[in-house]
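Novice: Sharing a structure here in structure tokens format.
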Amino acid sequence: MADAWTFNARPPRPPWGVHVPSHKAATRAMSIRQAPLPPVAHLSTPTAAVALVSAGDCVKSGQPVARGSDGCALHATISGTIAAVSTSAGGQVDVAIDSDGRDEWHDSCVPCKAPLALPPRELRRRLLDGGIVGLGGALFPSGLKLDSAPRVRALIINGAECEPWITCDEILLRERATQVVEGARILMHAAGTVHAVIAVETDMPEARIALHDALATSGDDRIGLAVVSAKYPAGGERQLIEMLTGAEVPLGGLPGDVGYLCQNAGTAAAAADLLLLGRPLVSRIVTVTGGGVAEPGNFEVRLGTPLAMLVAAAGGYKGVPARLIVGGPMMGVAQPDDAAAVTAATNCVVAALADDIAPAAPEMPCIRCGDCVQACPARLLPHELLAASRQGHADALRDLHLDACIECGCCDYVCPSMIPLTAAFAAAKAARRSRPS
Ligand code: SF4
Ligand code: SF4
């Protein structure tokens, strides 16, 4: 019998974070649509890797094409012929596959008959072989994350999708709740814990009902359901742990240090796909939205699909977008064009019209109002960090815990002086990384 474990034992009512307009109405009710298979898939490993294929090789969907130095495999997302293989200066492997249009699956893609009967260590190895990584954006291999947290008090499945515009996890939870619950059971076993909670936000009532039904059907009473405030960035790993348990992950520490392990809801679904259907990570759900898209929606997309093709699947551009962003408007990355390919980290593509974007305002001097301190979810002193970063004061940046900044943009959002604090912190981190040691 499992020990009693409750979430929200000490609801902390954290003062951090901001309430931003959600902009989710256009896509949150849209069922998942299948994006067409790309004629060419462009795949890259997130870390240094070794290629397992050469130009001219024939490959099938789900076949390993590279293996990272961390042990995590990258798989062909379509069947066809390897058009090119290259290795970057950093050791990352890029693979291009010309589609044969048949989408034939590799012989290795077979379901596991009884994943919960496997030893946890073997399950973690299979997650690495299956290329399962954190789909919340970190891309850290799930098998390694589970390996590095030997004493997990509880697993937290993160369905708190706090960034504006993005609804890919919400639609997954609404339409594939059973898959997420089965994935949670697999990840619990791999983590060696008997407690789990699936967290959603207050503005996801349909997802909550779907999960409630899926949990009742599973009969697994070790998994709870929690509802957290729909504020940004509630979906941050450390912030979610704090909201659910009251525990603060120490600066410089990991969630495992306080006994918790977070996995994104999409990651749980991917683990279920791998073990129960035999499908390694070859696709993900992506929200395509913004005023500059004709038919916003949520798409199941093969990794390696060009953004242009994904936007075309959403009816193409409407008007002339002022900005194309991969991710949300708070933490996303503006694109120079739509030539990049969908990766496992691509949760959303926003084609924003000028009306969707707050007009730029001139920066004014800091008035030391403290609003940024109040909003910072990492409990930093953004105004002090700003002064240190602009002075290039490396020791002060270290003492002020620059590395703990998650670049969430909350400080920018509340700053009455319109100071681009987050950009200054990102630049200070980049400068630190490029400095010879
Ligand atoms: S919110 Fe802006 S003006 Fe206020 S203390 Fe922070 S940096 Fe200064
Ligand atoms: S960007 Fe960094 S400093 Fe600003 S609120 Fe977020 S975590 Fe805090």
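Novice: What about G91, is it at positive phi, at pLDDT 95 or above and surrounded by fewer than 16 Cβ atoms within 10 Å (Cβ to Cβ)? Reasoning before the result, please.
Specialist: Details: at positive phi: yes; at pLDDT 95 or above: yes; surrounded by fewer than 16 Cβ atoms within 10 Å (Cβ to Cβ): yes.
So G91 passes the test.
Novice: Name the one entry in P306, P359 that is without any contact (Cβ under 8 Å) to a residue 12 or more places away in the chain and away from ligand 2 (no atom under 16 Å from the Cβ). If you could, list the steps in order and put the result at the bottom.
Specialist: Working: P306 fails: without any contact (Cβ under 8 Å) to a residue 12 or more places away in the chain.
Among P306, P359, only P359 is without any contact (Cβ under 8 Å) to a residue 12 or more places away in the chain and away from ligand 2 (no atom under 16 Å from the Cβ).
Novice: Continuing with this model, one more query. Counting only residues that are within 22 Å of the chain's Cα centre (by Cα), farther than 15 Å from A268 by Cα and among the aliphatic types (A, V, I, L, M), how many does region 183-206 have?
Specialist: 1
Novice: Same structure again: Would you mention how many residues in region 315-352 are part of a loop (DSSP other than H, G, I, E, B), closer than 19 Å to T267 by Cβ and not hydroxyl-bearing (S, T, Y)? Please lay out each step first, then the result.
Specialist: First pass over region 315-352, keeping only residues part of a loop (DSSP other than H, G, I, E, B): 315-316, 318-322, 327-332, 336-340, 342-347.
If we keep only those that are closer than 19 Å to T267 by Cβ as well, we get 327-328, 331, 342-347.
From what is left, the residues that are not hydroxyl-bearing (S, T, Y) are 327-328, 331, 342, 344-345, 347.
Residues in region 315-352 being part of a loop (DSSP other than H, G, I, E, B), closer than 19 Å to T267 by Cβ and not hydroxyl-bearing (S, T, Y): 7 in total.
Novice: Looking at this structure, is A352 in contact with a strand residue (DSSP E or B) (Cβ under 8 Å, 6 or more places away or on another chain) and either among the β-branched types (V, I, T) or surrounded by 16 or more Cβ atoms within 10 Å (Cβ to Cβ) (or both)? Working first, answer last.
Specialist: Values: in contact with a strand residue (DSSP E or B) (Cβ under 8 Å, 6 or more places away or on another chain): yes; either among the β-branched types (V, I, T) or surrounded by 16 or more Cβ atoms within 10 Å (Cβ to Cβ) (or both): yes.
Yes.
Novice: For region 397-423: of the residues being open to solvent by 20 Å² or more (accessible area, probe 1.4 Å) and among the small types (G, A, S), which is nearest to ligand 1 (Cβ to nearest atom)?
Specialist: This residue is A423.
Novice: So which of E300, E363 is within 16 Å of ligand 1 (Cβ to nearest atom), among the charged types (D, E, K, R) and modelled with pLDDT of 95 or more?
Specialist: Details: E300 fails: within 16 Å of ligand 1 (Cβ to nearest atom).
Among E300, E363, only E363 is within 16 Å of ligand 1 (Cβ to nearest atom), among the charged types (D, E, K, R) and modelled with pLDDT of 95 or more.
Novice: Within region 379-398, which residues are within 15 Å of ligand 2 (Cβ to nearest atom), of a type in the set (D, E, K, R) and more than 19 Å from M418 (Cβ to Cβ)?
Specialist: In the first step, residues of region 379-398 are kept if they are within 15 Å of ligand 2 (Cβ to nearest atom); the result is 379-390, 396-398.
From the residues that got through so far, the ones that are of a type in the set (D, E, K, R) too are 379, 384, 390, 398.
Within region 379-398, R379, R398 qualify.
Novice: While we're here: Quick one: which of A207, A270, A190 is in contact with an Asp or Glu (Cβ under 8 Å, 6 or more places away or on another chain) and either assigned to a helix (DSSP H, G or I) or modelled with pLDDT of 95 or more (or both)? Explain how you work it out, then say what you get.
Specialist: Numbers: A270 fails: in contact with an Asp or Glu (Cβ under 8 Å, 6 or more places away or on another chain); A190 fails: in contact with an Asp or Glu (Cβ under 8 Å, 6 or more places away or on another chain).
Going through A207, A270, A190 in turn, the sole match is A207.
Novice: Let me ask something additional. Out of all the residues in region 357-378, is one or more open to solvent by 40 Å² or more (accessible area, probe 1.4 Å) and touching a Gly at 6+ places or on another chain (Cβ under 9 Å)?
Specialist: no
Novice: What is the residue count in region 406-437 for residues that are in a helix (DSSP H, G or I) and within 24 Å of A234 (Cβ to Cβ)? Reasoning before the result, please.
Specialist: Within region 406-437, the subset in a helix (DSSP H, G or I) is 410-414, 421-434.
Next, from what is left, pick out any that are within 24 Å of A234 (Cβ to Cβ): 410-414, 421-423, 425-426, 429.
Final tally of qualifying residues: 11.
Novice: From the list A322, A341, which one is open to solvent by less than 50 Å² (accessible area, probe 1.4 Å) and either under 30 Å from G134 (Cβ atoms) or away from ligand 2 (no atom under 16 Å from the Cβ) (or both)? Lay out the reasoning, then the answer.
Specialist: On the way: A322 fails: open to solvent by less than 50 Å² (accessible area, probe 1.4 Å).
None of the others qualify; the one that does is A341.
Novice: So which pairs qualify, if the first residue must be in region 395-417 and in the same structural domain as A430 (by TED's automatic domain parsing) and in contact (Cβ under 8 Å) with a residue 60 or more places away in the chain, the second must be among the β-branched types (V, I, T) and within 7 Å of ligand 2 (Cβ to nearest atom), the Cβ gap must be under 7 Å, and the two must be at least 6 apart or on different chains?
Specialist: E407/T422; G409/T422
Novice: With the checklist (1) more than 14 Å from ligand 2 (Cβ to nearest atom); (2) polar (S, T, N, Q); (3) surrounded by fewer than 22 Cβ atoms within 10 Å (Cβ to Cβ) in hand, flag the one item N347 doesn't pass.
Specialist: (3)
The values are calculated or read from the model by the stated rules, or taken from the named source; none is laboratory data. Everything numeric in this text was worked out from a predicted model, so none of it was measured. In this analysis, Cβ positions are derived from the backbone assuming ideal geometry, glycine residues included, and neighbour counts consider all displayed protein chains. Just so you know, the surface numbers come from the protein's heavy atoms only, side chains and all, with ligands and any DNA or RNA stripped out. Shrake-Rupley method; radii C 1.70, N 1.55, O 1.52, S 1.80 Å.
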